[in-house]
Structure formats: structure tokens, C-alpha cells
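Worksheet for the structure shown next.
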Amino acid sequence: MLEDADVRGAAKWPFVFGAALLYFLPARSSLGPHPQRPMLIDVHNHFYPPAYLEALQAGDSTVELTIDADDNPCLHYPGDYNVAVRGHRDIDFRHAELEREGVDTQIITFTTPGTHVEPAERAVRFARLVNDAYATIVRERAPRFAALATLPLSDPAASVAELTRAVTSLGMRGAMVFSNVNGIALADPRFDALWAEADRLHAVIHIHPTNPVGVEAMTDYWLMPLVGFLGDTTLAAAKLVFAGVPERYPNITWILSHLGGAIPYLAERLDRGWEAFADCRTEISRRPTEYLRNFYFDTVNFDPAAVRLAVDFAGADHVLAASDYPHQIGSISKMKSSLAALKVTEAERKKILGENARALYNL
Ligand SMILES: [Zn+2]
């Protein structure tokens with residue numbers, strides 16, 4: 001009997017051990033079907049390469065930098081400052097955290113204040129430094145990390161060259177750009193060459209907010225990131241559409257941060273404007289919503305009802321899981337809990353959690 005029990009026990013052990021291993025190792029070494037949970041790809045989060053922070057600390061920048069009580073660098077810009085916590089700047093720490101949280105891949109991107117606040121020569125140098133650092137991370141740590149480039153947007157010609165380099169030499173799918181460039185709209189003709197190149201490359205362009213024109217009206221209560229950001233993304237998207245940029249460059253895949261600001265909520269009003277005002281029809285042949293439904297919307301708004309509105313607007317095929325990690329206002333756990341509570345079919349939830357991003361980023 002004892003012998004039988006031993007034999008049965010021995011036969012059971014590999015299974016029990018294997019199941020436990022799967023449970024404690026939520027990370028996968030390569031992307032593919034997971035036996036226990038859907039693939040999770042986080043498309044909106046931020047990383048400051050240490051070499052960039054060192055340059056700022058050395059005074060080689062127009063960005064005001066302070067150090068907080070916990071020794072974190074703080075990057076100041078009008079209406080906001082980012083506390084560069086460990087996850088922002090320590091890739092080993094971050095990698096371990098993603099493994100613990102079960103995030104299969106993050107598409108890492110730069111963030112505010114951006115390189116465009118620097119003089120052109122330094123903006124170009126910093127953008128290259130950041131993109132080279134991202135390329136190294138991806139090369140060493142794929143599939144845990146992929147990246148979108150940052151561009152020296154204050155120099156549109158250099159931005160074209162850097163986008164080309166990022167896509168063709170560094171293997172990136174495109175770039176994250178800011179919602180305005182020192183007050184200049186993305187729809188301004190000076191960026192036409194950039195959109196033409198993005199179109200030629202079939203690039204992904206993810207629009208991320210920065211401090212808007214009129215920031216002085218939103219410097220208390222953190223109203224700039226809480227309200228101004230969303231307004232500026234909304235404004236950027238609406239103006240790009242009315243200016244005919246998505247119509248002229250149909251091969252660009254646009255992603256809007258924070259569920260598109262207010263786009264899913266007020267898109268109907270843009271259509272009414274197109275019908276009512278001749279000025280709104282000079283550059284585009286179709287209603288604004290026909291372009292905007294082709295945009296992608298990241299889920300950095302952790303209210304499942306708000307995410308549901310974006311799904312109703314653009315379809316589950318055009319919504320992408322996102323956390324804004326590791327900003328104070330971002331959260332991987334809220335990303336996961338809000339998408340778990342989202343009222344969609346399980347097939348749609350899988351798309352939002354990772355399948356859409358996997359296709360978009362060729363992962
Ligand atoms: Zn962000």
C-alpha cells in the first residue's frame with residue numbers, strides 16, 4: 001500500500017509542481033496563448049532613460065529639476081511636475097514589477113516635458129539618446145518591452161529624420177507625439193512632412209497631452225493634468241481631423257491617450273459642426289466621426305463606463321489596455337480591475353487586453 005501511495009504521489013507531483021509554477025510565473029518568455037489568463041499589453045506608460053536624467057541633473061537642459069525627500073528627480077513644467085520614481089528610471093526594478101503584475105509587454109514611451117522644450121540642437125540630441133536607450137532595452141528584454149520613439153518636435157525636419165531612423169534602423173512601429181508643440185498645433189502645415197513620412201512608413205502615432213495653451217488658468221488643484229490634458233488631446237484630434245490630416249495620410253494609425261480625452265463623448269457635436277459650418281467641410285469629405293472611429297483609444301481612464309463609451313464609439317477592435325505607469329495618477333492594478341469590470345464579451349475583453357496591441361505593434 002505504502003508503495004502504491006508513493007507511486008501515486010510521485011505521479012501527482014509533476015502536475016502539482018507544474019501548476020504552481022504557472023501560477024507563480026505569470027510572465028511568458030515569448031508572446032502566445034497563455035493557459036491561464038489572456039495576454040496583457042500596456043500601451044501607455046513612461047520611462048526616463050538614466051542618461052537623460054543625468055544630463056538634466058548636470059544642468060544640460062532648460063527643464064527645471066529638483067530632488068524630493070526620497071531622492072527622486074522631479075521634472076517641472078508649466079502646471080505640473082513628474083516625480084521620476086524608481087519605476088520611471090530603473091529597468092530591472094520595472095521588469096520585476098511587470099512580471100509580478102502579469103503584464104506581458106509594455107510599449108514604453110517618453111513623457112512630459114519632452115525634448116521639444118529644449119533648443120533644437122539639444123532636442124535632437126536628447127531624442128536620439130532616448131530612442132537609442134529604448135532600442136537597447138527592447139533588444140535585451142523583448143518581449144517584455146517594445147517602444148515608440150520620441151521626436152524633437154520643435155525641429156520638424158529633424159523629427160522626420162528621427163522617425164525614419166526609429167522605424168527603419170531601431171525597429172520601432174512609430175512615435176508618441178505631444179498634443180501641441182510649444183503652443184503649435186499638430187495640424188499646423190509645418191508638420192506635413194512628418195505626417196507624410198509617417199504615412200509612407202505606415203507608422204503608429206500615439207498622441208499624448210502636454211501643457212496646453214492657456215495653462216495659467218489651470219495651475220491650482222492639479223487642474224492642468226486633470227482637465228487641461230484631456231482638453232488638449234481632444235483639441236489636437238479634432239483639429240487634425242478638420243484639417244484633413246487623417247484623410248490625406250490614411251496609412252497612419254492614430255492612438256489617442258486617456259480614452260481620447262472627450263472625443264467619444266462629444267464626437268457627435270463635431271459631426272453637427274461639419275453639417276452646420278462650411279468652414280468645417282473645406283478640408284474633409286466625410287463626417288469627423290468617420291475618421292475618428294478609425295483612431296485607437298487607450299484605457300487610461302479607469303471608469304469601466306467611460307471605457308464602454310469608447311468601445312461603443314470605436315469598437316472593441318480599437319481600444320487598447322493602458323496604465324500610465326508609474327506616474328502618481330497611473331495604475332497597473334486599476335488598469336486590470338477596470339478592464340475586468342468592463343461590460344464586454346470575453347472575446348472583446350481579450351482584444352482590449354492584448355490582442356489589438358499585439359497586431360498593431362507586430363508583437
Ligand atoms: Zn501618460
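Values as computed for the structure displayed
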{"read-out": "Exposure proxy order (Cβ contacts within 10 Å, fewest to most) of TRP222, TRP274, TRP254", "value": "TRP222, TRP274, TRP254"}
{"read-out": "Principal-axis tilt of helix 229-242 within the chain, Cα atoms, nearest 10 degrees", "value": "60 degrees"}
{"read-out": "Estimated [θ] at 222 nm from DSSP helical runs (n ≥ 4, -39500 (n - 2.57)) normalised by residues in the chain, nearest 500", "value": "-13000 deg cm²/dmol"}
{"read-out": "Choice from LEU40, LEU339, LEU201 showing the highest fluctuation, given a GNM over the chain with Cα pairs closer than 10 Å", "value": "LEU201"}
{"read-out": "Potential lengthening between SER285 and ARG272 on full extension [0.36 nm per residue; Cα-Cα distance subtracted]", "value": "3.3 nm"}
{"read-out": "Size of charge dipole - the chain - debye, nearest 20, with Cβ of Lys, Arg +1 and Asp, Glu -1, no other charges", "value": "980 debye"}
{"read-out": "Cut-off under 5 Å, modelled amide H: who pairs with ILE108 long-range", "value": "ALA146, ALA147, LEU148"}
{"read-out": "Cut-off 16 Å, label 7 Å out along Cα→Cβ of LEU226, residues of the stretch 68-107 by amide N", "value": "79-81"}
{"read-out": "Modelled FRET efficiency - R0 22 Å, ALA359 with ARG37, Cβ distances, 0.05 increments", "value": "0.70"}
{"read-out": "Cβ-based exposure ranking for ASP298, ASP303, in which fewest neighbours within 10 Å come first", "value": "ASP303, ASP298"}
{"read-out": "DSSP-defined antiparallel bridges as percent of all bridges, the stretch 40-360, nearest 5", "value": "30 percent"}
{"read-out": "Rounded to whole Hz, the Karplus (6.51, -1.76, 1.60) HN-Hα couplings of the stretch 63-71, x for glycine and proline", "value": "6, 6, 10, 10, 10, 8, 5, 9, 6"}
{"read-out": "Among 124-133, 87-96, the order from most to least packed when residues are scored by Cβ within 10 Å on average", "value": "124-133, 87-96"}
{"read-out": "Listed residues THR299, THR234, THR282, most fluctuating in the chain (Gaussian network, C-alpha, under 10 Å)", "value": "THR282"}
{"read-out": "Choice from ARG248, ARG37, ARG287 showing the highest fluctuation, given a GNM over the chain with Cα pairs closer than 10 Å", "value": "ARG37"}
{"read-out": "Segment THR136-GLU121, extension gain: residue separation times 0.36 nm, minus the distance between their alpha carbons", "value": "3.1 nm"}
{"read-out": "On Cα atoms only, tilt of 120-141 relative to the major axis of the chain in degrees", "value": "20 degrees"}
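Computed from the coordinates by the stated procedures, all read-outs in this text should not be read as laboratory data. Because the structure is a prediction, the values reported are computed rather than measured. Positions of Cβ are generated from backbone atoms using ideal geometry, with glycine treated the same way; all protein chains shown enter the neighbour counts.
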